[in-house]
Amino acid sequence: MSKIEACIFDLDGVIVDTAKYHYLAWRKLAEELGFQFTEEQNERLKGVSRMESLDILLKLGEVKVSSEEKSRLAEKKNSYYFEYISNMKSNEILPGAEEFLKIVREKGIKTALGSVSKNASTILDKLSLNDYFDVIIDGNKVTHAKPNPEVFLLGAKGLNVNPKNCVVFEDAKVGIEAAINAGMYSIGIGNSKILSEANFVINSLEEMKLERFNLL
Ligand code: B16
Ligand code: MG
């Protein structure tokens, strides 16, 4: 790849272990609506915006509701999720994430957050992670969800870096697609079968030791 000038990080499932809380909140909502929602089905919601996730969930449960009811259900899911993240502790920062952010910044590489979550700032504040990012792009700043590249392109623009000099770290299939659509190098975090389109896949940022980073 071209010279790395910036790293753009997804939040849920890359920096913090919040993907499980999204799942638990959606599962609770599904149960209330009278159907089961599995972890496998949840893969389809990763990196997808709140309203689009609700559409997928309602389709899976074959539930039809009015648009007013949909807004109410989305708010309900968010209140469950908010309750979970309110109790988050710093041990829920994913392995190697904070250390890797430090290394990247020490190397003079710029950093951005590229998340479609509207709760991103709350989470960064709670875990005191704000200062690791030069630019924060979250769900309040984007109009198109991943796989649309908007979130990452806004990150590159905010950092004043050419997209081809950016590396994206993502745990969602649609997130890797968004990075590819942005013309960026992508590193998947998690299951290599699900994230097969990434340039390479690792289990966690702990594996991004300096040697591996120098290979990029
Ligand atoms: P919220 P990311 C995404 O965050 C999550 O992966 C996805 O599951 C969630 O539905 C979406 O944020 C919206 O989150 O309801 O908090 O606005 O992976 O892009 O950091
Ligand atoms: Mg994610």
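Would you be able to say whether some residue in segment 143-159 is under 13 Å from Phe9 (Cα atoms), of a type outside the set (Lys, Arg), more than 10 Å from ligand 1 (Cβ to nearest atom) and surrounded by fewer than 18 Cβ atoms within 10 Å (Cβ to Cβ)?
No - not one qualifying residue is present in segment 143-159.
Need the failing condition index for Lys102 against (1) farther than 14 Å from Ile15 by Cα; (2) of a type in the set (D, E, K, R); (3) open to solvent by 20 Å² or more (accessible area, probe 1.4 Å), just the number.
It fails just one condition, (1).
Select, from Glu177, Glu197, the only residue that is in a helix (DSSP H, G or I) and either surrounded by fewer than 17 Cβ atoms within 10 Å (Cβ to Cβ) or within 14 Å of ligand 1 (Cβ to nearest atom) (or both).
After ruling out the rest, the residue left standing is Glu177.
For the subset of segment 22-49 comprising residues that are at pLDDT 95 or above and within 20 Å of Ser121 (Cβ to Cβ), which member is surrounded by the most Cβ atoms within 10 Å (Cβ to Cβ)?
Checking each candidate, the answer is His22.
Working carefully through the options Glu62, Glu68, find the one that is open to solvent by 50 Å² or more (accessible area, probe 1.4 Å), part of a loop (DSSP other than H, G, I, E, B) and not assigned by TED's automatic domain parsing to the domain that holds Leu154.
Glu62
Going through segment 1-31 one residue at a time, which ones are part of a helix (DSSP H, G or I) and in contact (Cβ under 8 Å) with a residue 24 or more places away in the chain?
Ala19, Tyr21, His22, Leu24, Ala25, Trp26, Lys28, Leu29, Ala30
Check segment 109-128 and report whether any residue there is more than 18 Å from the chain's Cα centre (by Cα), free of Cβ contacts under 8 Å to residues at least 24 places away in the same chain and in a loop (DSSP other than H, G, I, E, B).
Checked segment 109-128: no residue is more than 18 Å from the chain's Cα centre (by Cα), free of Cβ contacts under 8 Å to residues at least 24 places away in the same chain and in a loop (DSSP other than H, G, I, E, B).
Test of understanding: among Val135, Val151, Val168, which residue is among the β-branched types (Val, Ile, Thr) and more than 23 Å from Glu99 (Cβ to Cβ)?
Within the list Val135, Val151, Val168, the selection yields Val151.
Could you tell me how many of the residues in segment 32-47 are touching a residue at least 24 places away in the same chain (Cβ under 8 Å) and touching a helix residue (DSSP H, G or I) at 6+ places or on another chain (Cβ under 6 Å)?
Going through segment 32-47 one residue at a time, the tally reaches 2.
Of all the residues that make up segment 105-116, how many are within 16 Å of ligand 2 (Cβ to nearest atom) and either open to solvent by 10 Å² or more (accessible area, probe 1.4 Å) or over 20 Å from Val142 (Cα atoms) (or both)?
Selection size over segment 105-116: 1.
The values are calculated or read from the model by the stated rules, or taken from the named source; none is laboratory data. Quick caveat: nothing in here was measured; it's all calculated off a predicted structure. As a convention, Cβ positions derive from the backbone with ideal geometry for all residues, glycine included, and neighbour counts pool all protein chains shown. Quick note on the areas: whole protein, heavy atoms, side chains included, nothing else; ligands and nucleic acids left out. Shrake-Rupley method; radii C 1.70, N 1.55, O 1.52, S 1.80 Å.
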